[in-house]
Amino acid sequence: MTDNVLPEFIFHHGGVSVPDLEQAKTWYASVLDFATEREFYIEAARAKVAMVRRGDLRFEIFEVEGAASLPEERRHPPQDVKTHGNKHVAFKVPDLERFLDVVEARGADVAFVVREKFGKGCFIRDCAGNLIEFVEENRS
């Protein structure tokens with residue numbers, strides 16, 4: 001007989017689909033300091049794939065043959081949440097203003113910034129328009 005306790009698990013990676021894998025690897029490296037960990041091909045999906053990593057954080061980037069472009073409404077956070085499905089991954093930053101200064105200087109496309117009593121955050125778009133959130137939690 002087994003107990004009903006769920007084994008521990010931790011976050012491993014997020015995944016994004018892009019039209020150009022080489023362009024995406026360059027973007028994730030130059031804007032967010034991710035390095036390519038490994039590359040492979042998934043025959044069943046007809047996809048070239050790169051796993052990029054920054055410390056313990058990973059993104060799996062797919063270039064899929066014949067994939068459709070990201071719909072325009074998926075590029076804007078307030079519109080994106082109106083469609084069911086996965087939305088984005090979010091990363092915690094210690095200082096949102098400093099983070100924004102650096103990524104903007106590196107050419108990031110800042111889609112949306114929120115500054116509220118409960119915390120601050122922003123969404124940036126990768127080179128394919130995929131949303132990535134960064135949050136600074138309120139410490140009080």
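Quick note: the coordinates plus some simple rules give every number you see, no bench work behind them. None of these values were measured; they are calculated from a predicted model. Note that we place each Cβ from the backbone using ideal geometry, even for glycine, and neighbour counts take in every protein chain shown.
Can you check what the net charge comes to around residue 22, using other residues whose Cβ is under 14 Å from the Cβ of residue 22 (Lys, Arg +1; Asp, Glu -1)?
So the environment of residue 22 carries a net charge of -2.
Grab the other residues whose beta carbon is less than 13 angstrom from that of residue 122, score K and R as +1, D and E as -1, and report the net.
Result for the local shell: -3.
Each residue of region 62-73 in order: what ³J(HN,Hα) in whole Hz does its phi give by Karplus 6.51 cos²θ - 1.76 cosθ + 1.60, θ = phi - 60°, with x for Gly and Pro?
10, 10, 9, 4, x, 5, 7, 5, 5, x, 3, 5
A 31 angstrom limit on the alpha carbon distance is what I want to check against. Which of 48/92; 25/117; 82/120 exceed it?
The pairs that break the limit, which is 31 Å between Cα atoms, are 25/117.
Can you work out the Karplus-derived ³J(HN,Hα) for every residue in region 110-117? Use 6.51 cos²θ - 1.76 cosθ + 1.60 with θ = phi - 60°, whole Hz, and x for glycine or proline.
7, 8, 6, 10, 10, 10, 10, 4
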